[in-house]
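Engineer: Let me give you the structure first, and then I'll get to my questions.
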Amino acid sequence: MDLTIFNAIIAVVIAIAFAAANAAYLVLAERRGAGRIQRRPGPNVNLFGILQPPCDGIKLMTKQLVIPGGADKALFMVAPVLAMAPAIMSFVTIPFSDTIVAHSMDVGVLMIFAFASFGGMAILLAGWGSRNKYGVMASVRAVSQNISYEVPMLITVITIVMMTGSLNLHELASAQSGGFWNWNIFPVSLKDGFMLQPLMPVSFLIFFICSLAETNRAPFDLGEAESELVAGFHTEYGSMGFGLFFMGEYANIVIGASLITILFLGGWGCPFGLFPGVWWFLLKIYLLIFSFIWIRWTFPRTTIYGLLNLSWKILIPISLFNLLLTAGLLKVF
Amino acid sequence: MGAYFSEIFYGLQSLVIGLGITFKEFFKPVVTVSYPFETIKMSDRYRGHIELVEDEEGNAKCISCGMCQRACPSGSISLASKSVEYEVEVKGEMKTKKKKVLVKYDLNFTTCSLCGQCVESCSVGAIEFSKEYNLASFNKEDFHFDLLNRLKERNS
C-alpha cells in the first residue's frame, strides 16, 4: 500500500476514532459486566446506558485542570498524553483483516512492543511529576511490574516468531489461516507440514496473564491500589488528564486483545475456514475483552510480592523452557 | 520441585473455580431494582409514620379518646375533637345522644421516634403504620402531617 500523506492522515483519524470509541464504550461494557456479575443492572437509563459515555466525557472535559503546587509542570502535562498516544500508534499496524490495515510493517510486532513500553514510562512520569508520595510509590510499583511482565511476554512472542519466521503481524496471522487446528494456541499444526509443540496452550496462558498485567488491570492493578495508595499514579490528576489515563487503559486492552488474537487465535480467520474477515477478528477481540472484564470482577488484587513472584518464579522459567523446547522441536520437524 | 508444580496446579484450579462462580452469577436475574423508577413492596411489619384507619363509611375510625396523645413519649401527636348530637332509636322512641368527632389530628414527624406506642395504646385500632418511606425534603414543614386531611385525600 502506498503511504501518501493523505492516506496516513485518514489512517490516523480512523485509528483515533476507533480507539476513542472503544475506550468510551468499553467503560460502559465494563460497568454493565460488573453489574451483572454482582447481580445488579448497572447503568441502564436510556437503552442500556447508551448515553453514559458521552455524559462522562462532558463531565470530565468541563472540569478544571488542577496542577498541584511544586509539581513538574511539563512532566505532569505530558504523562497522560504519553499514556494515550502509544495505544493509538499501535493501531496503525494491527491488521483487522486480510485487507484492512493502516500500514503493514515488517517489524510490526517490534513496533507494538516498543510503544507498549511507553506505557510504563507514562506512569513513571505521572507519579514523579505530580510530586505526591503516593504517586511516586505507585510509579515504582507499576514500573517494576511492567518490567517483570514484559520479559515473559517477549519470550513468548519470540517463540511464536521463531515458529512463523516473521515479525509482520499480517504474516503471523495468515500463517494460522484455514481452521482452528492451525491456530498457535493448539499444540498441533498441519500447515506447511506436521508440527507439534505440546506447550502452546501454556504459552497462550502466559501471554494472556502478561497482557492483563501490562494493562495494569485488576487483579494486577498495583499501580492504583486504592486501599493503600489513594489512587496511585493518577492521585493528582483530575479533568481530562485522568480521562486520558482512563482511555489509555481501555485502548491498551483493545491492543492486548488484538495481539492475543493475532498471535494465538488466528487473527481474522474463521475457526472452520469459512468467510474469513474482519467480523471474526472483532468477535474474537470482544470475547477476549469480555474475559478481561470477567477476570477483573472475579479476583481480588494480588500483593506486590505475589505479583513479582508470579512473574520471576513461574512465568519466566516456564516461558524460557518453552522457548528452548520450541527451538529443539523446530530442528526435529 | 513437586511442590512447585502442585502449587501452580492448585492455584490455577482455584482461579478457574472462582471464574466459574462469577460466570454462573452473570446469567442469574438481577436482585436490585432501579430505585426511583421501580420500587419493591415493603414488608408487612414495616413501620412508617402512622396513618388513620377508616371505618365502613370512609370516616376516621378514631373516637378522639386521646390515648395516643398521652402515650406518645415525644409529644408528637396533637388532636382535637368536637361534640356532635345525633339521634338514635332506643325502644321505639328517638333519643338525642352526644359523641365526639375528630376535627384535627396532627403528627409532628420531626420528633417522632417510630416507637409505636400510639398504635399499641389505641383501644379501637384506629391508627396503623403506613408503608411510606420516600420522605425527603428541604422544608421542615413537610413533616408536619395532617392525618385527617391525608385520610380525605386517600378517599377522594
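Just so it is clear, none of the values below were taken in a lab; they were calculated from the coordinates. Everything quoted here is computed from the prediction, not taken from an experiment. No Cβ is skipped: glycine too gets one built from the backbone with ideal geometry, and neighbour counts run over all protein chains shown.
Engineer: Distance between the C-alpha centers of segment A:75-113 and segment B:1-58? Whole Å please.
Structural biologist: Using only Cα atoms to place each centre, the spacing works out to 42 Å.
Engineer: May I pose another question? Determine, for A:Ile14, B:Ile40, A:Ile255, the number of other Cβ atoms within 10 Å of each Cβ, and report the residues in order from fewest to most.
Structural biologist: Values: A:Ile14 14, B:Ile40 8, A:Ile255 27.
Ascending number of Cβ neighbours within 10 Å: B:Ile40, A:Ile14, A:Ile255.
Engineer: Let me spell out the model: positive unit charges on the Cβ of Lys and Arg, negative unit charges on the Cβ of Asp and Glu, origin at the Cα centre of segment B:4-72. What dipole size does that give, in debye rounded to 20?
Structural biologist: Details: 7 positive and 9 negative charges, 62 e Å.
With only Lys, Arg, Asp and Glu charged at Cβ, the dipole is about 300 debye.
Engineer: I've got another one for you. Calculate the length of the line joining the C-alpha centroid of segment A:226-285 to that of segment A:142-184, in whole Å.
Structural biologist: Cα centroid of segment A:226-285 versus Cα centroid of segment A:142-184: 16 Å apart.
Engineer: Then there's this: Return one number: the angle in degrees, 0 to 90 and rounded to the nearest 10, between the long axis of the Cα atoms of helix A:52-61 and the longest principal axis of the Cα atoms of chain A.
Structural biologist: 50
Engineer: Looking at chain A as a GNM with Cα springs under 10 Å, which of A:Ala114, A:Ala225, A:Ala74 has the largest mean-square fluctuation?
Structural biologist: A:Ala74
Engineer: Kindly write out, for segment A:35-46 in residue order, the coupling ³J(HN,Hα) from the Karplus curve 6.51 cos²θ - 1.76 cosθ + 1.60 (θ = phi - 60°), rounded to whole Hz, with x marking Gly and Pro.
Structural biologist: Result, ordered by residue: x, 4, 5, 8, 6, 10, x, x, x, 9, 6, 6 Hz.
Engineer: Cβ under 13 Å from B:Lys82's Cβ, B:Lys82 left aside: what net charge do those residues give with Lys, Arg +1 and Asp, Glu -1?
Structural biologist: Working: positive: B:Lys98, B:Lys99, B:Lys100, B:Lys104; negative: B:Glu85.
That works out to +3.
Engineer: At a 10 Å Cβ-Cβ cut-off, how would you order A:Phe48, A:Phe272, fewest neighbours first? Walk me through the numbers before you get to the answer.
Structural biologist: Values: A:Phe48 14, A:Phe272 9.
Lowest to highest Cβ neighbour count: A:Phe272, A:Phe48.
Engineer: Oh, and also: Can you run the Rg to Rh ratio on segment A:5-332? Use alpha carbon positions and the Kirkwood inverse-distance Rh.
Structural biologist: 0.97
Engineer: While we're looking at this one, here's another question. With viscosity set to 0.692 mPa s at 37 °C, what whole-number translational diffusion coefficient in µm²/s follows for chain B from Stokes-Einstein and a Kirkwood radius over Cα pairs? Please list the in-between numbers first.
Structural biologist: Numbers: Rh = 20.5 Å.
Approximately 160 µm²/s, per Stokes-Einstein.
Engineer: Also, quick follow-up: Over chain B, what is the mean sequence separation of C-alpha contacts under 8 Å (at least six apart), divided by residue count, expressed as relative contact order in percent? Write out the running numbers ahead of the final one.
Structural biologist: Working: 189 pairs, mean separation 41.2, N = 156.
Once normalised by length, the contact order is 26 percent.
Engineer: What percent antiparallel are the DSSP beta bridges of segment B:50-155, to the nearest 5? Don't skip to the answer; put the middle values down first.
Structural biologist: Values: 21 of 21 bridges.
Given both bridge residues lie in segment B:50-155, the antiparallel proportion sits at roughly 100 percent.
Engineer: Can you work out ³J(HN,Hα) from phi for every residue in segment A:226-232, in order, using Karplus 6.51 cos²θ - 1.76 cosθ + 1.60 and θ = phi - 60°, giving whole Hz and x for Gly and Pro?
Structural biologist: In residue order, the calculated couplings are 4, 5, 10, 10, 6, 10, x Hz.
Engineer: Work out Dmax and Rg for segment A:81-237 from the C-alpha atoms and quote the Rg first, both in angstrom.
Structural biologist: For segment A:81-237, the Cα radius of gyration and maximum Cα-Cα distance read 18.1, 58 Å.
Engineer: How do A:Trp280, A:Trp312 line up, fewest other C-beta atoms within 10 Å first?
Structural biologist: On the way: A:Trp280 20, A:Trp312 13.
Placing the least packed residue first, the sequence is A:Trp312, A:Trp280.
Engineer: Using the Karplus curve 6.51 cos²θ - 1.76 cosθ + 1.60 with θ = phi - 60°, work out ³J(HN,Hα) for each residue of segment A:308-323 in order, rounded to whole Hz, and write x for Gly and Pro.
Structural biologist: For segment A:308-323, the Karplus curve yields 6, 4, 4, 6, 6, 9, 10, 5, 5, x, 5, 5, 5, 4, 4, 4 Hz.
Engineer: Work out the length of the dipole vector of the protein assembly as shown about its Cα centre, built from +1 on the beta-carbon of each Lys and Arg and -1 on the beta-carbon of each Asp and Glu, and round it to the nearest 20 debye. Numbers along the way, then the final one.
Structural biologist: Values: 38 positive and 37 negative charges, 179 e Å.
So the dipole magnitude of the protein assembly as shown works out to roughly 860 debye.
Engineer: OK, next. Might you list the cysteines of chain B that have no disulfide-compatible partner by the rule of another cysteine's Cβ under 4.7 Å?
Structural biologist: B:Cys62, B:Cys65, B:Cys72, B:Cys112, B:Cys115, B:Cys122
Engineer: What FRET efficiency comes out for B:Glu38 versus B:Lys100 if R0 is 41 angstrom and r is the Cβ-Cβ distance? Round to the nearest 0.05.
Structural biologist: Values: r = 43 Å, r/R0 = 1.06.
With a Förster radius of 41 Å, E is 0.40.
Engineer: Positive end of the charge dipole of segment A:5-332 (Lys, Arg +1 and Asp, Glu -1 on Cβ, about the Cα centre): tell me which of A:Leu26, A:Ile253, A:Val92 has its Cα farthest that way.
Structural biologist: So the residue furthest toward the plus end is A:Leu26.
Engineer: Another question, if that's okay. Have a look at B:Gly75, B:Val88, B:Leu102 and report the one farthest towards the positive end of the charge dipole of segment B:46-137, computed about the Cα centre with Cβ charges (Lys/Arg +1, Asp/Glu -1).
Structural biologist: B:Gly75
Engineer: Still on this structure: For the modelled label position 7 Å from the Cα of B:Glu54 along Cα-to-Cβ, which residues of segment B:140-156 have backbone nitrogen atoms closer than 15 Å?
Structural biologist: Label zone hits: B:147-156.
Engineer: How would you classify segment A:1-144 from its alpha-carbon gyration tensor, with a ≥ b ≥ c the square roots of the eigenvalues: rounded for a/c under 1.5, else prolate if a/b is greater than b/c, otherwise oblate?
Structural biologist: Numbers: a/c = 1.78, a/b = 1.09, b/c = 1.64.
It is oblate, given that a/c is not under 1.5 and a/b is not larger than b/c.
Engineer: Okay, next question. Among A:Leu229, B:Ile40, A:Phe281, flag the residue with its Cα farthest along the positive direction of the charge dipole of the protein assembly as shown, charges on Cβ as +1 for Lys/Arg and -1 for Asp/Glu.
Structural biologist: Going by the charge dipole, the pick is B:Ile40.
Engineer: Could you identify which residue out of A:Lys284, A:Lys59, A:Lys133 has the top mean-square fluctuation in a GNM of chain A using Cα springs shorter than 10 Å?
Structural biologist: Highest fluctuation of the listed residues: A:Lys59.
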